[in-house]
Each structure stands twice: as C-alpha cells, then as structure tokens.
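Below is one structure, written out as structure tokens, with a few remarks after it.
We did not get these values from a lab; they are worked out from the coordinates using the rules stated. Everything quoted here is computed from the prediction, not taken from an experiment. Quick reminder, even Gly has a Cβ in these numbers, built from the backbone with ideal geometry, and neighbours come from all protein chains shown.
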Amino acid sequence: MSETVTPPSVPDVQPEKRSRGGSALFIGVLALAGLALLAVFYYGVLNPSSQQIRSGAAPDFEITTFDGETIRLSDFRGMPVVVNFWASWCVTCRDEQPILEDAWRRYKGRVMFIGLDYLDQEPNALAYLEEFDVTYPNGPDKGSRAYAAFNVQGVPETFFIDAEGNVQGFHVGPITYQQLEERIQALLSESGS
C-alpha cells in the first residue's frame, strides 16, 4: 500500500508593490542633497577660504610658547614676521624645518619667526623642536584659533607679515631655501631694513 503524501500548502505570496509616494520622496531627498552639495561647491569656488586672509591685516593671536613665554603677534609691530604652522606628525614639515631655523639665525633681530604647532601632542612637539635644534619661539595653537583665523589649509603653511602687521604673502607646503630668502628680502626691502 502506498500512501500519497500531500505537501503542505504554501500560501500564495504576491510581491509587495511599492507605493509611488515613497519613490518620489526618495528621489526628492536625493535631488535636495544634490542641490545642497552643488551650492556648497559653488560657494567654495566663488569664496575660497584661501583668499580670505592672504592679504590685509594679519589676525592677532596670543600663544604661550613651549618655554612658557606668552607672546602676541602684535608684540612685533615694526619688524617683519614669518609665521609657520607645523606639526611633528607632518612629514613635509621636516623638510623645511632646517631651512626655517637657518633663516632665523641669519635674520635674528631684523625678522621675527614664530612657529605654531597644530594638533599635536606636546611630548612629540618638544622632541621635534629638539631634533632640529629650533631656537625661535614656538608654541601650541590651542584650540586651533590662529589656524582658523588665518584660514590655513594644512601644514606646513607659512605667512609673511610686514612691519605694519599686514599679510604680504603666504606659502602652502614645505618652503625651499630660495623661496624663503626671496620672501624675507621682499619684507626687508619694504620695511627699509
């Protein structure tokens, strides 16, 4: 005798139909996001931050150096100033550090140099300064305030400020001996030194 086994009945399942309202909402959200990104892009092209502090009065800042001295950029009015943003973790900062230190030693008394350490750990920054025997004032840019005020794009970046406190130029990336020399000579000839 053979038994007939009947498989259990499977309910009839129809694929779910998506409502047109959900698809339209999704497309609308994507379109709005695209428009927002487009607006941000065009705002950046028309108002690049790199043009906001490249000339005119340099923003004043105050730092406490790694030696414990409190200095302000405005303390050095009457003398050209080179402001360098750097970090111990920055590989290309290592390329320019000996060049900056050499220039500081040659122009000391005629040009002020200030180093601003960006997003770094103090022990690492101190080891970096010791490794390169840096003798000009350096300190951490607490809260990245100077970095933001100067609209720095990344490290290293160097600003050249005349004796009246105006930004006369900047250099993005590691600076070469020749580039630094040309900038310093331009600052000195402008100030009559």
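Which net charge results when you count Lys and Arg as +1 and Asp and Glu as -1 among the other residues whose beta-carbon is under 9 Å from that of residue 128?
-3
Explain nothing, just the number: dipole magnitude of the range 94-182 about its Cα centre with +1 on each Lys and Arg Cβ and -1 on each Asp and Glu Cβ, in debye rounded to the nearest 20. Each step should come with its number before you reach the end.
On the way: 7 positive and 16 negative charges, 51 e Å.
That gives the range 94-182 a dipole magnitude of about 240 debye.
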